[in-house]
Amino acid sequence: MTITFDQWRSVHPAFDHKGLSQTYVDTGNVEGENRPVILLFHGYPTWSYDWVDVIGPLSVGHRIIAADWIGYGLSDKPSRHVRVDEQINRLVALLDHLGVEDFHLVAHDYGSTCAQEMLDRPDIAARTKTLTLMNGGVIFSAYKPTQTQKLLISPLGSLVSRFLSKDRIKTKLDALRDVGLLKAVLMTHPLPKIIKLDAFHGLAAQRIKLGFDP
């Protein structure tokens, strides 16, 4: 059964840390069982709802934790930039709050950059049992943002984001189907699902400012 966006919003608890509220999903935790933890890092510019199709199957035998980065999804969106190291400081505080000692880490896109920041800290790296990186840059300094991304992180970002209509987002994502290696995969497993696209656009339509972090 597919979880709708409204259902997803209703199950998000929030973790308040240093004046900002971070929403997250924590599921599969069974009292009395020491289940292995899978930590899911979402990418740019979406949120933990990206993982909605896999959280259910993964939570059979595992505890799954997926947070919205500050500036993204349902978490608070400060007017200032939020650095990667600050994201990880908050995430580690959340893990400590939840009593998580070690975990398997799965990261996508921007989340892969955040994952590398975690691994650069010996005390946190020691708690990481396995690592899976998807569609992320390994050399952060080599990243070249697009013109649209530059605008989104500028003072004009909130204005530019208003023009990210659902049709514009779909057009950009549909363009991936013409990229050689991805074409066959996307024809078999088309992305994104309409429900996810509607939910993503719904955040903006409800005047929840989308967060964009370099």
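The values are calculated or read from the model by the stated rules, or taken from the named source; none is laboratory data. If you're wondering where the values come from, they're calculated on a predicted model, not measured in any experiment. Note that we place each Cβ from the backbone using ideal geometry, even for glycine, and neighbour counts take in every protein chain shown. With ligands, DNA and RNA removed, areas are computed over all heavy atoms of the protein, side chains included. Shrake-Rupley method; radii C 1.70, N 1.55, O 1.52, S 1.80 Å.
Descriptive notes on the structure:
- Scanning the stretch 133-152 for residues that are hydroxyl-bearing (Ser, Thr, Tyr) and open to solvent by 80 Å² or more (accessible area, probe 1.4 Å) turns up SER141, TYR143.
Every residue, every condition in (1) touching an Asp or Glu at 6+ places or on another chain (Cβ under 9 Å); (2) free of Cβ contacts under 8 Å to residues at least 60 places away in the same chain, yes or no:
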residue: VAL37; (1), (2): yes, no
residue: VAL54; (1), (2): no, yes
residue: VAL60; (1), (2): no, yes
residue: ILE65; (1), (2): yes, yes
residue: ASP68; (1), (2): no, yes
residue: SER75; (1), (2): yes, no
residue: ARG80; (1), (2): no, yes
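- Whichever residue in the stretch 85-124 is in a loop (DSSP other than H, G, I, E, B) and over 22 Å from TYR44 (Cβ atoms) and, among such residues, is most open to solvent (accessible area, probe 1.4 Å): GLU101
- Number of the condition not met by SER59 [criteria: (1) at pLDDT 85 or above; (2) open to solvent by 30 Å² or more (accessible area, probe 1.4 Å); (3) more than 20 Å from TYR72 (Cα to Cα)]: (2)
- The set of residues from the stretch 117-142 being in contact with a His (Cβ under 9 Å, 6 or more places away or on another chain) and of a type in the set (Val, Ile, Thr) comprises THR128, THR130, THR132.
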